[in-house]
Every structure is written in C-alpha cells, then in structure tokens.
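Participant: Here it is: the structure, laid out below.
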Amino acid sequence: MIANNQHKTTYYTHGFHPYPAKFTPQIVNKFFNLYCKKGFSILDPFCGSGTTLVEGVLNGMASVGIDLNPIAFIISKAKSTHYSDSEIQIVKDFMSEIQSKINKGLFSNNNYNKNGIEIPDFPNRDHWFQKNVSYELATLKNKIDAFQNENVKTLFYSAFSKIIVKVSNQDSEVRYTAKNKNHPDGIVYSSFVDTVSGYLMALNSKEHSIIEKSEVYNGDTFEVLKNLTENNFDFVITSPPYINTFDYYLYHKQRMFWLGYDHRPVRQKEIGNHHRIDTKKFEIAKAEYIESMTQIMNELSRVSKPNSYFVMIIGDGIVEGTTIDMSQVITEICEHCNYSVENIESVNLSDITRSFNKKFSNAPKKEHTITLKNIK
Ligand SMILES: C[S@@+](CC[C@H](N)C(=O)[O-])C[C@H]1O[C@@H](n2cnc3c(N)ncnc32)[C@H](O)[C@@H]1O
C-alpha cells in the first residue's frame, strides 16, 4: 500500500492497469518472506488488481483471489495467468492485423464502415465519449468477443478496459470532469495496440516467470468463501475496502458499461462505499461495516489452516467528520472470531506517499498493518 520510491512497483505485469489503493509488490513480498514458502496456498479475499496473486504465482504459491468488481476480476486474471506460446502468437497476430489496418488508414473517417455497428446504450454515453470513439470501441469490443481462447480474451479485455479513460472525455483517472479532447479517428485502435504491445513486452520478461496457478472468483467475498473448503490456505493477505474512502464501482463505471456489466449490484454490495454510507447515521454505517467484516473473518478462519497468519492492511475512515480507528475496529472483530492480534503497526497517512491518490493523505487518518493468527 505504501509506495516505496526506491523500488519500481510496475515490473512484470504489475503496470497492466491502474487501480485505486493498490498494494505495492514490495509490501506483499515483505510478508511472504516472513510467513510463506514455496508450495503454500495463499488467499487475497479482496484482491483488487491482483498484486498478491501475481507475486504469489511468481513465488511458486497457488494463489486465490476474490473481488466483487468485474474489472478487478479481469485485471487480476490477465496479470496472473501463464500464457502459452500459441496464446502469445494469437495476441501478436491480432496486433499485426490492427497495425496493418492503421497503416492503410482504414480507421480514418471516410474509410470507416459504420454500417451495422451497434453502440451500447448507457446513461450520459455521448457526454463521456465522442461519436467516432464510440464506434471504434464498439467494433473493437465485438472483435475481442469473437476470440475463443479465454486467456487471450481476458488479456484483451484488460487492455480494452485500460484505454477507456484515455479515449473518453474524462479529464483523468482521478478527475471525473469532462473536457473536449478532440480525439482523432483511430485513437482507440492505436491506444489498444500500444497497450497490448506493452503487455507483450512485460510478459516476455526474462527475470520473471509464473510457476504456479492462480484462481480468481468474481463475487461477494462472503458468498464465495462459504463455498470454499475448510483448512485450505496457509496464508491470507489483503487490504479490505476502507470505510467511506474509495468507491471502486464509481472508478470503473464507464469501463463496466463498455464491457457489458451492470454497476448497480456492485454498488449495492461494495463494502464501505459512499453510496452505502451516505444514507446512514455514523453508528449504523460503522455497525454495518463491522457486521460484514465479522462474517467474512469468521469464514476466513474456517478456510485457513490452524495457526496460519493473516496480514491485513487497512486505513482509517471518516464518517460524519469522525475518524474511525480501524485498528480498534479489527481488534474488536477479532474478539468474535478465531483470530488473535499478534502485531499492529500504524503510520499517519499524511506521512507516507500513497501509491494512487494523494487526495486523502492530508486527512487525520492512519494506515494500519495488522498481523493476525488463526487460533481456531
Ligand atoms: C483496497 S482494494 C484492494 C486492492 C488490492 N490490494 C490491489 O493491490 O489492487 C479493496 C477491494 O475490495 C473490493 N470489494 C469491496 N466490497 C467487496 C465485497 N463485498 N466482496 C468482494 N470484494 C469487495 C473492491 O472491489 C476492491 O477491489
């Protein structure tokens, strides 16, 4: 979570896609070194963009991730999958096909055949996307849908998702205002080729190779955990959603529209988001968060091995102007489930550089690294 400026945080597939409140690979590795060894099974129950999974499979540990957000699912899978030579060849062939069309000017206005292209309909689409961009996104999405190979398809969806903000009218990843960017024809295809070429370079890395399997579940953590077998995991590490801080569904809303997902169930089930908190009083919001996390931690204890460790990195939240000390909240939750608190390290958020959004770093909040032990 804490960006360590001395180390590159985007090596191998880590730079595939932006994500709010991402782990740094270094922080994950620090705890792998302390508590894990090759052959372990590990779990990240709120895996987000899959940082834990990538480091897990690079370090020879079978790695499982869960996330409610479909974009998190796509990114995590794309980043932690081992691609066969034939899959890489399919990717390269598609890039050559698009590049040759770009070179022939086939995406310029006069040559672009718009007949029969259906642009998905969603709220404020034309406010956020120029018409030429929408046509290009729709045709590219159709082409990706037609691929049979699931790994290739997921890699392309990740690249498609990554370029959405760039080709939209949205100011930037973290500024939700529209501005006229006057995107030229062909912007979608050239951005897509650039992104996938970057992916291919990363995957071709000589220093890193995936030596274990990852599995990613797209769903509500509690619901998914209920269906997993007991005593399975040797180590759990996660950064759960913070209370009232980030809205992941909002961050990925345009991406979800284009990829054909409905953001509403995600908004409804996302723990800690503003939509769920804003309509409630402080005590109710806090109690609801505690209830969700208690249920989840009971299940985490069940699916993990006795005496295994669980490292949680969590930041304080502010509801109705009151800071909620999350180290206290987690300590209280542990009294109702089979975890003992082994260690808590806290830092002021204003003292550290955040890996994603510095906007929150001036608030009077702390970030806690809490080590728990399964005492079931
Ligand atoms: C702090 S982020 C995790 C970031 C991750 N460590 C990374 O490196 O990218 C928390 C995640 O919890 C997910 N989340 C929120 N509510 C959830 C729920 N009910 N079930 C599953 N995932 C949920 C969000 O979608 C978000 O991706």
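Participant: Going highest first, how would you order 188-196, 148-156, 91-99 by mean Cβ packing within 10 Å? Let's see the in-between values first.
Facilitator: Numbers: 188-196: 20.6, 148-156: 18.4, 91-99: 14.8.
So the peptides 188-196, 148-156, 91-99, ranked by packing, come out 188-196, 148-156, 91-99.
Participant: Now for a different question. How far apart, in nm, are the 7 Å Cα→Cβ label points at residue 101 and residue 229?
Facilitator: Those two pseudo-labels are separated by 4.6 nm.
Participant: If you don't mind, there's one more thing I want to ask. In degrees between 0 and 90, to the nearest 10, how far off the longest principal axis of the chain does helix 131-145 point, with axes built from Cα atoms?
Facilitator: For 131-145 against the chain, the angle is about 70 degrees.
Participant: If the label point is 7 Å along Cα→Cβ of residue 11, which residues in region 51-86 have backbone nitrogen under 13 Å from it?
Facilitator: Hits in region 51-86 for residue 11 at 13 Å: 55, 58-59.
Participant: Near residue 226, which aspartates and glutamates are there with a Cα under 18 Å away, not counting those fewer than 8 places off in the same chain?
Facilitator: 44, 67, 215, 234, 270, 291, 299
Participant: Helix 70-80 versus the longest principal axis of the chain: what is the Cα-based angle in degrees, 0 to 90, to the nearest 10?
Facilitator: 90
Participant: Dipole of region 85-203, Cα-centred, from +1 at each Lys and Arg C-beta and -1 at each Asp and Glu C-beta, to the nearest 20 debye?
Facilitator: Values: 14 positive and 14 negative charges, 78 e Å.
Value, rounded to 20: 380 debye.
Participant: Moving to a separate point now. Can you list the lysines whose alpha carbon is less than 21 Å from that of residue 286, not counting same-chain residues fewer than 8 positions off?
Facilitator: Of all the lysines, those that pass the test against residue 286 - Cα under 21 Å, at least 8 places apart if same chain - are 269, 365, 366.
Participant: Given the rule -39500 (n - 2.57) for each run of at least 4 DSSP H residues, summed and divided by the residues of the chain, what is its mean residue ellipticity at 222 nm, to the nearest 500 deg cm²/dmol? All intermediate terms of the calculation are to be shown ahead of the outcome.
Facilitator: Details: 15 runs with 162 residues, N = 376.
Taken over the chain, the calculation gives -13000 deg cm²/dmol.
Participant: Now a separate question. Would you mind checking the tilt of helix 25-35 against the longest principal axis of the Cα atoms of the chain, expressed as 0 to 90 degrees and rounded to 10?
Facilitator: For helix 25-35, the angle is close to 40 degrees.
Participant: Lys/Arg Cβ at +1, Asp/Glu Cβ at -1, dipole of the chain taken about the Cα centre: which of 313, 242, 256 is farthest positive-ward?
Facilitator: It is 256.
Participant: Moving on to the next point. What is the extension gain from residue 325 to residue 205, computed as 0.36 nm multiplied by their sequence separation minus the C-alpha to C-alpha distance, in nm to one decimal? Don't skip to the answer; put the middle values down first.
Facilitator: On the way: separation 120, 0.36 × 120 = 43.20 nm, distance 4.15 nm.
This chain segment gains 39.0 nm when fully extended.
Participant: Where the only charges are on Cβ atoms (+1 Lys, Arg; -1 Asp, Glu), what is the dipole of region 100-159 about its Cα centre, to the nearest 20 debye? Please report the intermediate quantities before stating the final value.
Facilitator: Details: 8 positive and 6 negative charges, 51 e Å.
Approximately 240 debye in magnitude.
Participant: Please name which of 192, 155, 91 has its Cα lying farthest along the dipole of region 85-203 towards the positive end, using unit charges on Cβ (Lys, Arg +1; Asp, Glu -1) and the Cα centre as origin.
Facilitator: Looking along the dipole axis, the top candidate is 192.
Participant: Sticking with this structure for a sec: How much length, in nm to one decimal, is gained on full extension between residue 282 and residue 332, taken as 0.36 nm per residue of separation minus their Cα-Cα distance? Don't jump to the answer; show the numbers that get you there.
Facilitator: Details: separation 50, 0.36 × 50 = 18.00 nm, distance 1.74 nm.
Difference between extended and current length: 16.3 nm.
Participant: In nanometres, what is the gap between the two model label sites at residue 347 and residue 291, each 7 Å from Cα along Cα-to-Cβ?
Facilitator: 3.5
Participant: Computed on alpha carbon atoms, what radius of gyration and Dmax characterise the chain, expressed in Å?
Facilitator: My reading of the Cα-based Rg and Dmax gives 21.3, 68 Å.
Participant: Let me ask something else about it. Along Cα→Cβ, 7 Å out, is where each label goes; now give me the distance between the ones at residue 171 and residue 93 in nm to one decimal.
Facilitator: Going by the 7 Å Cα→Cβ label model, 4.5 nm.
Participant: Taking only the alpha carbons of region 85-203, what extent do you get along each of the three principal axes, in Å, biggest first?
Facilitator: 41, 34, 24 Å, listed from the longest principal axis down.
No value in this document is a laboratory result; all are computed from the given coordinates. Owing to the predicted nature of the structure, the values given are computational and were not obtained by experimental measurement. A quick note on method: Cβ atoms are made from the backbone with ideal geometry, for glycine too, and the neighbour counts reach across all protein chains shown.
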